[in-house]
Amino acid sequence: MPDEPMLREKARAVLRSGRMPSRTPDRTYGGPGSRVTCAICSELITPDQAEIEIEFGRRAVPPNLDRYFLHVRCMAAWEFERTKVSAQHFLSRPAD
């Protein structure tokens, strides 16, 4: 698995490209890895690793869910980067 700076760069790239949302997930689950690909590092999440699944509801007809699977460290990198992006957006807004 990549080191912390590389994971954060991958998380930034995923956020910039729009491949993952920058908002808080609607649901978060955890458990053993289910041999799916991590949305951040693109490596397999094996059963001996912890897996985080996050879900985002989509307003569509019919309603739908976007689901992402992440390693714990990748989730931490995504969370750090998404909140940093949100904070920068908030700070760069003109005052009312």
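Evaluate the distance, in nm, between pseudo-label points positioned 7 Å from the Cα of residue 13 and of residue 84 along their respective Cα→Cβ axes.
A separation of 1.5 nm, rounded to one decimal place.
Provide the packing ranking of 37-45, 72-80, 22-30, 58-66, i.e. peptides ordered by the mean count of other C-beta atoms within 10 Å per residue, highest first.
Packing order, densest peptide first, comes out as 72-80, 37-45, 22-30, 58-66.
Taking amide H positions as placed in the peptide plane 1.01 Å from N, state which residues far from residue 26 in sequence (5 or more) or on other chains have amide H under 5 Å from it.
Distant-sequence amide H within range of residue 26: 55, 56, 57.
Taking just the alpha-carbon atoms of region 1-59, what radius of gyration and Dmax come out, in angstrom?
Calculated on Cα positions, Rg and Dmax stand at 12.2, 36 Å.
Taking the 0 to 90 degree range and rounding to the nearest ten, how far is the long axis of helix 72-92 tilted relative to the main principal axis of the chain, both from C-alpha atoms?
Tilt of helix 72-92: around 0 degrees.
With runs of 4+ DSSP H residues as the only contributors, calculate the mean residue ellipticity of the chain at 222 nm using -39,500 (n - 2.57) per run, divided by the residue total and rounded to the nearest 500.
Details: 2 runs with 35 residues, N = 96.
Per the formula, -12500 deg cm²/dmol.
Explain nothing, just the number: relative contact order of region 4-82, from Cα pairs under 8 Å at least 6 residues apart, as a whole percent.
Numbers: 132 pairs, mean separation 26.3, N = 79.
Computed value for region 4-82: 33 percent relative contact order.
Suppose R0 equals 25 Å; then what is the FRET efficiency for residue 49 and residue 27 from their Cβ-Cβ distance, rounded to the nearest 0.05? Don't skip to the end; give the middle numbers.
Numbers: r = 20 Å, r/R0 = 0.82.
According to the calculation, E is roughly 0.75.
The numbers here are math on the coordinates, done by the rules we state, and not lab data. These figures come from a predicted structure and were not determined experimentally. We place every Cβ from the backbone using ideal geometry, glycine too, and count neighbours over all the protein chains shown.
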